[in-house]
Protein chains: 4
Amino acid sequence: MGFPMAGHLAGRFETRVWNRTASVSAAHARRYGSRACADLLEAAQAEVIVTCLPTSQEVAEVLGMMEGRLSAGQLVIDCTSGDPQRSQEIASGLAERGVGFVDAPVSGGTAGASSGRLSVMAGGSPEDFGRAVQVLESFAAKIVHVGPVGAGHAVKAVNNMLLAVALWSAGEGLSALAAAGVDLGRALEVINASSGRSNATENLVGQRVLSREFPLTFKLGLLSKDAGIALDLARRQGLASPLFAAADAMLRVAKQQLGPDVDHSAALQVLESWSGITLR
Amino acid sequence: MGFPMAGHLAGRFETRVWNRTASVSAAHARRYGSRACADLLEAAQAEVIVTCLPTSQEVAEVLGMMEGRLSAGQLVIDCTSGDPQRSQEIASGLAERGVGFVDAPVSGGTAGASSGRLSVMAGGSPEDFGRAVQVLESFAAKIVHVGPVGAGHAVKAVNNMLLAVALWSAGEGLSALAAAGVDLGRALEVINASSGRSNATENLVGQRVLSREFPLTFKLGLLSKDAGIALDLARRQGLASPLFAAADAMLRVAKQQLGPDVDHSAALQVLESWSGITLR
Amino acid sequence: MGFPMAGHLAGRFETRVWNRTASVSAAHARRYGSRACADLLEAAQAEVIVTCLPTSQEVAEVLGMMEGRLSAGQLVIDCTSGDPQRSQEIASGLAERGVGFVDAPVSGGTAGASSGRLSVMAGGSPEDFGRAVQVLESFAAKIVHVGPVGAGHAVKAVNNMLLAVALWSAGEGLSALAAAGVDLGRALEVINASSGRSNATENLVGQRVLSREFPLTFKLGLLSKDAGIALDLARRQGLASPLFAAADAMLRVAKQQLGPDVDHSAALQVLESWSGITLR
Amino acid sequence: MGFPMAGHLAGRFETRVWNRTASVSAAHARRYGSRACADLLEAAQAEVIVTCLPTSQEVAEVLGMMEGRLSAGQLVIDCTSGDPQRSQEIASGLAERGVGFVDAPVSGGTAGASSGRLSVMAGGSPEDFGRAVQVLESFAAKIVHVGPVGAGHAVKAVNNMLLAVALWSAGEGLSALAAAGVDLGRALEVINASSGRSNATENLVGQRVLSREFPLTFKLGLLSKDAGIALDLARRQGLASPLFAAADAMLRVAKQQLGPDVDHSAALQVLESWSGITLR
């Protein structure tokens, strides 16, 4: 995701890039005219630092390594699908140095990242958000300020849990229909013209599952992580969330059975392994 | 639903109407130029009989009362959101008299019924479906033949279960976000531009729940009935459906707490009563 | 189960035995001095007919084959773990011929059957129950009249669902403890001296799971069937039963993954296949 | 719980007591001959310090206030039903001062505390456990060393989750039986002689729920907290625990609806409020 996003940035701003694998930064520099940094300390000198990493754990590590160089007036924009609580801790640490923080996770997948038409749900102070917008506009078609620091990550986690719930429940439904002798392609067609439709039924189940392609664009392990954050968010506030809890458990089963590195749509293969029915 | 649907029928075909409340038939006749039947026996003489009732139980009762008058060559089109197994039993009984049967439940709500742009998921033999299409085109924009008798009801039940799952899980998510201080209108706006969107988030949660209007267009009791049929469908075939099972339980809680006659979107008031958080 | 139960009967009463496999009846006659019947019609002449079959489906079939010979004054005692609704239908049919019916499922396993110390939960009219008690005392240490026809099967289904819930949840708990480095034998020892203990933790998990023996005394498929009856019982009455629903789904997963013929305690192997942790 | 436990201690050892409410310490001193401490610093001078508090949060606070006075060679025994992770953090802090730590939660309720016949599940090093045993024997009939620091709290959390699962599922079962016209007292009697029995069915449901007494001996809020710790334990290790997840959600519903301060058995009043059926 980060590669094309940083490409759009380089089209508007003087952009330094850093990646754990130096050849990736070099390739980015060649392709988009960005400047590949030798190390994080070089990257740390940018006015605005944009992070896009697997989890908040890596964000904390990377910012920890930069820490000595960060100074008042800089802004960190974290596009990771992170953990609201961790982000609040990170933001507190940065605030002590006068560094701003906006959590700005994105939705739209690799397609949206390439076309520069992602959706962004942002959390932070109005001032920090105001500065971040100009940067985010490089790669986003929709940018919504949803609340204080952590709010962006919270909304992203809930969004991805809703995706997970819709995907898995579509799998349960199609399994039952297949067992009853219903044509799944036609069932999906009419569901997509009806009240049960969702992004999962419209853009995932047919294209990835019924097609048997399961193209890897968003890893199951990451969806499971995000869904877990959504359940944590609810439980930490004392709420009862029985559907979130059931979906979180099912994604854990899928991750345990299939490993974290398959496409998230492959989760439905767990239902197939239970029922012996192939969804096609 | 049936009133405007039969109105569209009357625009294309000579149409007889019957309702348990005679004044309703009379009003229909005045408004659409249909012919109000004095009793079911009069209605039973139609070439094609279209039923649209709360459950398959009422369909069985109404057809039972017509039974003596039905004869070979007639066709019953059942637009009820019915039970696949009951429909197969009803169709078997009709077949003994040479009467065809197509289960043809609709989606699109009262708005779709008024505009004549419903979606229909139909089950039946190819011949019966072929005859039914001409009738269904009066009020439907999309008509899909999904399989043999019962398949239409099966797909409708699954569709409505997916709606229920999406609605309830959206409620869980918005409750967690509200408790975390996130603006729900903005969260919903960005979810609707992201991968977690569904018909429930796009067309129900904002318009009916956050607005606090809960307009009655589709009863909670009927959604709970449909969701139950979807779970029955899966369980009867030996399948494990943990999310369907959890959602079925939650709809039963809602129906027990709120009664069956509120709008289905009011189910989220159960989550509100638990958390003390109003979704607005 | 039925073999030793009928053995105890033969110790007190003149007893005819029938089994789908004739050699089983012959072996019973040799061992216990019962009379092996050549066919069901011969068995049908007994004053009291005791059935003990896998499901109510087989009970209906066997009684259907006997039907022509049954006459007023006879009593059927059904020790099957059956379905309350089917039993009420069966009892209605028998009542038309003046034949009584008591559902009298048993608990205590093969050990209780051998020792003649089973527990019986009986449903039926007070008169029929009164007659049945004398027969049931042959093999039962505890006989409780829980209500009208079907009540015995309802209580048995709930009992077995509670067993299933306790077994599966013990598996979830021990998996978590094993992953945390806790000694499972010691954990089980202290749980069995604490408030979380159950028949499952006291008599199944250590002896069958931690021992890795999984001796076949009660089939997973039958436990899943009983749990399903308990959930049906609750749902048919409109109740919300989220834990029953979740446990029913998990037993279906286990039955799908392991087949119906393993011991019910093997269900925990599903949790092991998910986590990669062996419970020992 | 702590009051009679410290009473047993005072029967064997020179015992100092401290409570947030000074009159409680004074009453203890009068009744058992212990020495009431004016403040925590006085208590901090004991060779062995025994804590029994609502959650690990209070343990961390109390030990934090004592910290300046603690020195090498002392031992902390924490009888709180705590959080394994927090306990490991607390133990690490104490280890830096040479102070040992054993988590030693108890089961047996107020009755077991009074009679000095509690069960203890202990976590800690073999040396620390060895010292702790002599103290724990004052009030415990069974003491099991289940693993390193945190293991005791982990086993206790799982034990209490199993209690919660058994209690709630018994409520679901009895609701279904009551709706079906079964006598609940008799149903419970025979379940308690059958394979579905548990400590909850044997010692809670009849005595507290069917009796309508709900005597306050263990607060719902604390059971919900413990069940949450058990689910956290499983989830932190990546495990899927669908029944734990469903039970955790239901306890949260109960705590939200009834408040944290009622007896844990009152959780079944939630099922009653849904169904309209009183369990008696």
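Each reported figure results from applying straightforward, stated rules to the coordinates on display, with no laboratory input. Just so we're clear, the structure is a prediction, and the values are computed from it rather than from any experiment. Cβ placement follows ideal geometry from the backbone for every residue including glycine, while neighbour counts extend to all protein chains displayed.
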Query raised in the report: Alpha carbon centre of segment A:22-47 versus segment C:1-15: separation in Å?
Result: 85 Å
Requested in this report: Scan segment A:186-280 for GluC sites (Glu not before Pro) in coil per DSSP, keeping those whose Cβ has at most 11 other Cβ atoms within 10 Å, and list them by number.
Outcome: A:GLU213
Report task. Among the aspartates and glutamates, select those whose C-alpha is under 18 Å from the C-alpha of A:LYS219, and discard any that sit fewer than 8 residues away in the same chain. Result -> A:GLU58, A:ASP83, A:ASP248, A:ASP261, A:ASP263
Report summary line: Taking Cα atoms only, helix A:242-258 is inclined relative to the longest principal axis of chain A by an angle, in degrees rounded to 10, of 90 degrees
Query - Chain B residue with Cβ closest to the axis mapping B onto C, distance in whole Å - result: B:ALA245, 2
Query raised in the report: For the cross-link pairs A:LYS255/C:LYS255; C:LYS142/D:LYS156; A:LYS225/B:LYS225, which exceed 30 Å when the distance is taken from alpha carbon to alpha carbon?
Result: C:LYS142/D:LYS156; A:LYS225/B:LYS225
Query raised in the report: List the trypsin sites (Lys or Arg not before Pro) in segment C:144-220 that DSSP assigns to loop (not H, G, I, E or B) and whose Cβ has at most 11 other Cβ atoms within 10 Å. Which are they?
Result: C:ARG212
Query raised in the report: Tilt of helix C:22-32 relative to the longest C-alpha principal axis of chain C, in degrees (0 to 90, nearest 10)?
Result: 90 degrees
Report summary line: Residue span B:ALA141 to B:GLU67: 0.36 nm per residue of separation minus Cα-Cα distance leaves a gain in nm of 23.5 nm
Query raised in the report: Among residues other than C:SER87 whose Cβ falls under 10 Å from its Cβ, what is the net charge (Lys/Arg +1, Asp/Glu -1)?
Result: -3
**Report entry** segment D:147-214 and segment D:248-269: distance between their alpha carbon centers, rounded to Å
**Finding:** 15 Å
Report task. Tabulate in residue order the Karplus-calculated ³J(HN,Hα) for segment D:38-49, using 6.51 cos²θ - 1.76 cosθ + 1.60 with θ = phi - 60°, rounded to whole Hz; enter x for Gly and Pro. Result -> 6, 8, 5, 5, 5, 5, 5, 8, 5, 5, 10, 10
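Averaged over C:140-153, how many beta carbons belonging to a partner chain fall within 10 Å of each residue's beta carbon?
Average per residue, whole number: 4.
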Report task. Report the GluC sites (Glu not before Pro) located in segment C:39-74 that are in a DSSP loop and have at most 13 other Cβ atoms inside 10 Å of their Cβ, or state none. Result -> C:GLU47
Report summary line: Rounded to the nearest 500, the 222 nm mean residue ellipticity computed for chain B from DSSP H runs (n ≥ 4, each -39500 (n - 2.57)) alone is -16000 deg cm²/dmol
Query raised in the report: Just for the protein assembly as shown, what percent of DSSP beta bridges are antiparallel, to the closest 5?
Result: 20 percent
Query raised in the report: Helix A:56-66 sits at what angle to the longest principal axis of chain A, using alpha carbons and giving 0 to 90 degrees rounded to 10?
Result: 10 degrees
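Show me the ranking of peptides A:254-264, D:225-235, D:175-185 by mean Cβ neighbours inside 10 Å, starting with the highest.
Values: A:254-264: 19.2, D:225-235: 25.4, D:175-185: 21.2.
In decreasing order of mean packing, A:254-264, D:225-235, D:175-185 become D:225-235, D:175-185, A:254-264.
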Query raised in the report: Any idea what Rg and Dmax come out to for the protein assembly as shown if you just take the C-alpha atoms, in Å?
Result: 32.5, 99
Requested in this report: Report the local net charge at C:VAL144: Lys and Arg +1, Asp and Glu -1, summed over other residues whose C-beta lies under 12 Å from its C-beta.
Outcome: +1
Requested in this report: Might you list the cysteines of chain A that have no disulfide-compatible partner by the rule of another cysteine's Cβ under 4.7 Å?
Outcome: A:CYS37
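For peptide B:121-130, what's the mean number of Cβ atoms from other chains within 10 Å of each residue's Cβ?
Values: counts 8, 2, 3, 0, 0, 0, 0, 0, 0, 0.
Counting Cβ atoms of other protein chains within 10 Å of each residue's Cβ and averaging gives 1.
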Query raised in the report: For B:46-57, what's the mean count of beta carbons from other chains sitting within 10 Å of each residue's beta carbon?
Result: 0
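Provide the net charge surrounding B:ALA36, with neighbours chosen by a C-beta distance below 15 Å and charges set as Lys +1, Arg +1, Asp -1, Glu -1.
Values: positive: B:ARG16, B:ARG20, B:ARG30, B:ARG31, B:ARG35; negative: B:GLU14, B:ASP39, B:GLU42.
Its environment carries a net charge of +2.
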Requested in this report: With r as the distance between the Cβ atoms of C:GLN237 and C:ASP183 and R0 = 35 Å, compute the FRET efficiency 1/(1 + (r/R0)^6) and round to 0.05.
Outcome: 0.20
